[in-house]
Amino acid sequence: MKLSKMYAPTLKEAPGDAEVVSHKLLTRAGMIRKLTSGIYSYLPLGLKALNKVADIIREEMNRAGAQEVLMPMVQPGDLWRESGRWEVYGKELLRFEDRHGRDYCLGPTHEEVITDLVRGEVKSYRQLPLNLYQVQTKFRDEIRPRFGLMRGREFVMKDGYSFDRDEAGAEASYRGMYEAYQKAFSRLGMRFRAVEADSGPIGGSYSHEFMVLADTGEDTIAVCQGCEYAANLEKAEVKLAEAPTPASCPALEQVSTPGMHTVEEVAGFLKIAPARIVKTLLYMADGQPVAALVRGDRELNEVKFKNLLGVIDLTLATPEQVQAISGAPVGFAGPQGLKVTKLYADNELKLGNDWAAGANAADAHVLRLDLTRDAKLTGYAELRTITQDDPCPRCGGRIAFTKGIEVGHVFKLGLKYSKALNAKFLDEAGKEQLMVMGCYGIGVSRIVAACIEQNHDADGIRFPPPVAPFEAAVLSLGKAGDEVSAKAEEIYALLGRLGVETVLDDRDERPGVKFKDADLCGWPMQLTIGGKGLAEGVVEAKDRRTGEKSKLPLDGFAEAFAAWRRQVRAGWGLED
RNA sequence: CGGGAUGUGGCUCAGCCUGGUAGAGCGCUGCGUUCGGGACGCAGAGACCGCUGGUUCAAAUCCAGUCAUCCCGACCA
């Protein structure tokens with residue numbers, strides 16, 4: 001492709017509303033333009049990068065035995081009512097009516113549609129297993145879209161679904177997808193990590209997220225330094241320390257703590273460690289008041305709590321609700337005599353006694369709290385979030401936190417949708433069985449952004465060769481019609497014959513502009529054709545990743561280029 | 001939904017406080033000189049100053065409303 005004919009308007013300055021580096025660079029490089037909040041157009045170069053990512057994913061999906069389909073973006077509300085998600089999904093589901101007043105929504109995901117598609121046709125165990133996927137535009141009306149392509153409302157996703165006759169089959173499908181994902185992300189040249197993740201109250205036994213490691217990631221992952229364990233913070237298990245059962249303590253004692261709301265304030269006022277305080281968190285779980293207790297220096301893990309309760313909606317109680325539940329303003333709740341339907345304490349609280357806590361009265365706390373004696377616990381459970389001081393739950397080694405961008409998620413759905421939508425088949429015995437489902441997503445457009453978050457410098461993008469819109473760029477420093485530009489055309493044509501996707505910068509621009517744009521757009525291999533080099537009988541080659549420059553002889557150029565290309569790709573950890 | 005900020009040629013922004021001819025840089029067009037890391041000169045084109053209403057002799061500027069965009073939060077008692 002010749003740059004002179006390409007619609008790829010580059011910008012010297014990033015638009016004022018772009019914050020993150022991938023958004024700025026994609027815009028500056030003329031790859032995307034924002035239409036409105038969280039919604040972007042892809043220009044030729046951006047679309048090319050997007051398609052490269054999608055094609056690699058397709059190849060790995062097909063190789064793993066999945067088949068590509070394409071489902072509608074507009075979905076009928078009735079189907080969502082059937083699965084029960086019309087009521088549950090919330091405002092992220094963009095709903096509207098057609099001219100007849102019938103309900104529709106823009107698909108944020110396709111479990112309903114795929115299950116509907118399969119249930120009508122698959123009636124026998126002979127037709128299973130089945131694995132279908134699509135690459136399609138999703139719409140989720142995000143509460144706050146941000147970070148350009150990283151969290152858009154409209155985005156391109158690869159979503160796949162497997163149908164198996166039993167749990168063992170589902171397990172095999174899951175593993176197949178897990179491996180396909182590993183391959184795809186490796187081939188894309190990204191640094192990533194598969195981590196254990198929360199599958200939600202509805203999911204099956206477990207799930208994994210694929211995280212691209214980058215400081216700008218929205219997720220935090222806990223990674224063991226000693227073993228293979230890695231998990232999303234919201235999922236990471238906490239290893240309980242060994243300790244003798246604590247002795248009981250003297251009776252409760254109320255103390256005045258005027259205006260002391262937070263753990264820090266109370267700890268400071270009473271001159272005790274925050275770890276000696278029991279923090280009482282009041283929530284509304286599907287409309288019912290519940291409470292969770294964690295140590296004052298710990299964080300409640302809402303995801304764990306929600307899963308434990310098995311509810312759909314869990315929100316922190318409002319000040320009014322806090323007053324009603326505890327009989328005191330916010331900041332003075334304690335576990336004694338709360339008006340809640342469930343009262344859970346974090347496992348760690350088993351290890352101590354003689355706690356301080358709110359007194360359920362304004363401006364007062366209690367001392368000498370014994371949870372077994374003074375509170376009616378529903379039970380103990382793991383409720384807190386892991387910290388970097390906790391040991392690895394597997395091997396006891398050191399845990400470190402890293403930031404990651406979630407680009408893929410595989411999880412077992414089990415029977416949830418097959419049950420709700422009645423997707424059944426007959427087994428060998430002629431007995432009706434529910435299909436066991438799995439679901440597998442990859443954020444295709446997010447990968448493009450994540451890739452840039454991970455690979456950039458002050459000059460612009462450093463695309464891994466498999467993601468780059470063009471693997472190589474030929475920068476012609478000549479003028480139209482002269483010897484230099486003729487040579488550039490020649491090299492460009494040669495690279496085409498070698499099967500290297502190449503862009504030729506034949507624009508009537510000064511060299512500086514071409515160098516700057518080449519770096520900005522992130523062409524992994526840059527070949528400069530200029531008078532200087534030609535006089536020496538060489539083409540100057542630059543590896544965008546390292547910035548390293550080398551000279552490839554015009555004599556035997558094809559071989560020299562091939563060797564250099566292998567070297568560049570090896571630097572990215574890529575084979576072939 | 002709460003808090004904060006911003007809307008002025010295609011882009012980045014100044015002007016607004018203190019009302020009176022709409023500015024700069026980049027980009028764009030033409031001509032000339034340049035030509036290996038975002039060149040220079042000259043001449044140009046391009047603006048319902050987000051929208052609606054109000055105050056005023058007069059509004060980009062003051063007031064009210066509204067829309068849009070961005071940031072923080074929407075959880076730790």
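The values are calculated or read from the model by the stated rules, or taken from the named source; none is laboratory data. Since we're looking at a predicted model, the values are computed, not measured. Virtual Cβ from ideal backbone geometry, glycine too; neighbours counted across all protein chains shown.
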Margin query: Suppose the filter is within 12 Å of RNA strand B (Cβ to nearest atom), surrounded by 16 or more Cβ atoms within 10 Å (Cβ to Cβ), modelled with pLDDT of 85 or more and outside any strand (DSSP E or B); does A:VAL340 pass it?
Written below: yes
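Given the structure, is A:ASP505 within 11 Å of A:LEU477 (Cβ to Cβ), touching a residue at least 12 places away in the same chain (Cβ under 8 Å), under 37 Å from the mean Cα position of the chain (by Cα) and more than 9 Å from RNA strand B (Cβ to nearest atom)?
yes
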Scanning the stretch A:22-31 for residues that are within 23 Å of the chain's Cα centre (by Cα) and surrounded by fewer than 21 Cβ atoms within 10 Å (Cβ to Cβ) gives A:LYS24
- Query: Looking at this structure, is A:VAL467 under 27 Å from A:LEU213 (Cα atoms), out of contact with any strand residue (DSSP E or B) (no Cβ under 7 Å at 6 or more places or on another chain) and crowded, with 20+ Cβ neighbours inside 10 Å?
  - Reply: yes
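Might you let me know whether the stretch A:479-492 holds any residue that is closer than 30 Å to A:VAL20 by Cα and among the aliphatic types (A, V, I, L, M)?
Among the residues of the stretch A:479-492, not one is closer than 30 Å to A:VAL20 by Cα and among the aliphatic types (A, V, I, L, M), which makes the answer no.
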Note: among A:ALA168, A:ALA180, just one is in contact with a helix residue (DSSP H, G or I) (Cβ under 7 Å, 6 or more places away or on another chain), of a type in the set (A, V, I, L, M, F, W, C) and away from RNA strand B (no atom under 16 Å from the Cβ), namely A:ALA180
The one condition A:LEU149 fails out of (1) modelled with pLDDT under 95; (2) in a strand (DSSP E or B) is (2)
When restricted to A:ALA449, A:ALA473, A:ALA480, A:ALA458, the only residue closer than 22 Å to A:PRO9 by Cβ, more than 9 Å from RNA strand B (Cβ to nearest atom) and in contact with a His (Cβ under 8 Å, 6 or more places away or on another chain) is A:ALA449
All-but-one check, A:TYR229 against (1) surrounded by fewer than 16 Cβ atoms within 10 Å (Cβ to Cβ); (2) over 21 Å from A:TYR344 (Cβ atoms); (3) of a type outside the set (A, V, I, L, M, F, W, C), failing number (1)
Only unsatisfied item for A:GLY533, checking (1) closer than 24 Å to A:LYS52 by Cα; (2) among the small types (Gly, Ala, Ser); (3) crowded, with 18+ Cβ neighbours inside 10 Å, is (1)
Result of the Cβ filter at 9 Å on the stretch A:331-344, keeping first residues that are over 15 Å from A:ALA285 (Cα atoms) and partners that are of a type in the set (Val, Ile, Thr) and surrounded by fewer than 18 Cβ atoms within 10 Å (Cβ to Cβ), at least 6 apart or interchain, is A:GLY331/A:THR262
Those residues of the stretch A:517-542 which are part of a strand (DSSP E or B) and away from RNA strand B (no atom under 11 Å from the Cβ) amount to A:MET525
Every listed condition ((1) modelled with pLDDT of 95 or more; (2) surrounded by 22 or more Cβ atoms within 10 Å (Cβ to Cβ)) holds for A:ARG126 save (2)
Any chance the stretch A:164-173 includes a residue that's surrounded by 21 or more Cβ atoms within 10 Å (Cβ to Cβ) and either β-branched (Val, Ile, Thr) or within 30 Å of A:GLY404 (Cα to Cα) (or both)?
yes
Filtering strands (runs of 3 or more DSSP E) wholly in the stretch A:222-295 for at least 2 residues that are under 25 Å from A:ARG394 (Cα atoms), touching a residue at least 40 places away in the same chain (Cβ under 8 Å) and within 14 Å of RNA strand B (Cβ to nearest atom) gives A:288-295
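Working only within the stretch A:304-326, note down all residues that are near RNA strand B (Cβ under 10 Å from one of its atoms) and assigned to a helix (DSSP H, G or I).
A:PHE305, A:PRO319, A:GLN321, A:VAL322, A:GLN323, A:ILE325, A:SER326
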Every listed condition ((1) away from RNA strand B (no atom under 14 Å from the Cβ); (2) in contact with an Asp or Glu (Cβ under 9 Å, 6 or more places away or on another chain); (3) among the hydrophobic types (A, V, I, L, M, F, W, C)) holds for A:PHE332 save (1)
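Take the stretch A:310-328 and flag every residue that is among the hydroxyl-bearing types (Ser, Thr, Tyr) and surrounded by 13 or more Cβ atoms within 10 Å (Cβ to Cβ).
Of everything in the stretch A:310-328, just one residue is among the hydroxyl-bearing types (Ser, Thr, Tyr) and surrounded by 13 or more Cβ atoms within 10 Å (Cβ to Cβ), namely A:SER326.
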The residue that is modelled with the highest pLDDT, considering only those in the stretch A:24-54 that are touching a helix residue (DSSP H, G or I) at 6+ places or on another chain (Cβ under 8 Å) and within 8 Å of RNA strand B (Cβ to nearest atom), is A:ARG28
Exercise. In this structure, is A:THR546 within 8 Å of RNA strand B (Cβ to nearest atom) and of a type in the set (S, T, N, Q)?
Worked result: no
